[in-house]
1. Is region 42-152 rounded, prolate or oblate when judged by the Cα gyration tensor, a ≥ b ≥ c being the square roots of its eigenvalues, rounded requiring a/c under 1.5 and prolate requiring a/b larger than b/c?
2. Helix-derived [θ] at 222 nm for the chain: sum -39500 (n - 2.57) over DSSP H runs of at least 4, divide by residue count, nearest 500?
3. Where the accessible area of the chain is counted over protein heavy atoms with a 1.4 Å probe, how much of it, in %, is carbon and sulfur?
4. If you roll a 1.4 Å probe over the heavy atoms of the protein chains, what accessible area per residue do you get for region 1-89, in Å²?
5. Within region 39-80, find all residues whose amide N lies under 18 Å from a label point positioned 7 Å from the Cα of E113 along Cα-to-beta-carbon.
6. Taking all protein chains together and a probe of 1.4 Å, list E99, E140 from the most accessible to the least accessible.
Amino acid sequence: MKAKSNDAVSLLTSEHREVADLFKQYEALGDRAKAGKKRLADQICTALIVHAMVEEEIFYPAVREGGKEAEEMIDEAVVEHASGKDLIAQIQEMDPEDELYDAKVKVLSEQIEHHVQEEEKDMFPLARKGKLDLEALGAEMAMRKEELAAAGV
């Protein structure tokens with residue numbers, strides 16, 4: 001699913017929707033769909049890792065320049081990313097048969113949903129109001145995403 005615009009906020013919002021859809025697909029799978037769960041969980045984890053890297057390397061530093069409110073928002077987002085990355089690492093080391101696998105995917109889903117709501121409600125409008133060149137940022141982010149995909153991240 002392509003973003004309607006190539007600006008940074010549209011790109012990130014589009015990725016949020018894609019990951020939310022993957023979580024919904026995961027939830028819809030029955031207890032016996034172990035291979036499907038593993039495939040979707042791996043897809044979710046990879047998408048989130050790339051998304052977080054691009055935000056942290058490119059988007060967050062640009063938004064952080066927007067003053068104290070932006071700095072506090074970015075600090076919180078970085079901490080949320082760290083928590084998500086820890087859970088992602090645990091999920092990647094596990095198999096769907098393992099105890100707590102589904103619970104960890106569910107908690108990751110809830111953490112990401114909370115994180116997405118904060119970004120879309122507070123951070124993205126702040127970024128749009130700022131003096132950022134969102135088109136240039138979006139192009140840089142898309143290029144970085146391609147590099148990460150080519151590197152097998």
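The values are calculated or read from the model by the stated rules, or taken from the named source; none is laboratory data. Keep in mind the model is a prediction, meaning the values are calculated, not measured. So basically every Cβ, Gly included, is an ideal-geometry build from the backbone, and we count neighbours across all protein chains shown. Ligands, DNA and RNA are stripped out before the accessible areas are found, and what is left, the full protein with its side chains, is counted by its heavy atoms. Shrake-Rupley method; radii C 1.70, N 1.55, O 1.52, S 1.80 Å.
1. It comes out oblate by the Cα gyration axes.
2. So the calculated ellipticity at 222 nm is -25000 deg cm²/dmol.
3. Ligands and nucleic acids excluded, carbon and sulfur reach 53 percent.
4. The answer is 52 Å² per residue.
5. Taking a point 7 Å out along Cα→Cβ of E113, the residues of region 39-80 whose backbone N falls under 18 Å are 41, 44-45, 48.
6. Largest accessible area first, the list is E99, E140.
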